[in-house]
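Take a look at the structure set out below.
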Amino acid sequence: ASTSSPQATPPVTATSIDLEPSFTFPQKGDKVYIGCTYPISWQSSATINSLETALIDAGARKSIDQTKSGLAKENTIEKDLQNLNWKVGVVYPGKYYIKVSSINDVALEIRSGIFTISNIPKGTSIDEKEKICKKSNGSFL
């Protein structure tokens, strides 16, 4: 039997393939509400430290300004959380998706499934708003 000398392990570097997370929220068909806060979450084999994101109108395929969407373009991700809290801004109700254009300063393009943003009906009490947010996997902060 031949003996082989141990070989040095090459350093592990994250490639765009390693960084391609799959969204666990929002997913295709989810419904979220203006004014509720949701944890945008994903599964990834790599630790994500920063994300560049945008809310995209699925019909017009146009990016919604971050001051309206409530979704910041540049996001720092806390190591222990590995999600991003998003308070849905005041946008037109309709179909949208989230586009990620950079993870840990690596350029790439990943999209969530298309989901629906809806208004909470006018005149809804705070207690009812909390219930609507919670029922849709969010919170009312």
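The values are calculated or read from the model by the stated rules, or taken from the named source; none is laboratory data. Remember, predicted model here, so these are calculated numbers, not experimental data. All Cβ positions, even for glycine, are placed from backbone atoms using ideal geometry, and neighbour counts span all protein chains on display.
Below is a table of values for the structure above.
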read-out	value
Hits in the stretch 120-141 (condition: hydrophobic (A, V, I, L, M, F, W, C) and outside any loop (DSSP other than H, G, I, E, B))	126, 132, 133
Filter pass, residue 92 being closer than 21 Å to residue 22 by Cα and either free of Cβ contacts under 8 Å to residues at least 12 places away in the same chain or aromatic (Phe, Trp, Tyr) (or both)	no
Strands (runs of 3 or more DSSP E) fully within the stretch 24-119 counting 1 or more residues that are touching a helix residue (DSSP H, G or I) at 6+ places or on another chain (Cβ under 8 Å), buried (at least 18 other Cβ atoms within 10 Å of the Cβ) and of a type in the set (A, V, I, L, M, F, W, C)	50-57, 94-103
Residues of the stretch 1-23 satisfying the condition of being at pLDDT 55 or above and assigned to a loop (DSSP other than H, G, I, E, B)	20, 21
Some residue of the stretch 115-128 being touching a residue at least 12 places away in the same chain (Cβ under 8 Å) and within 18 Å of residue 43 (Cα to Cα)	no
Check on residue 99, farther than 18 Å from residue 30 by Cα and basic (Lys, Arg)	no
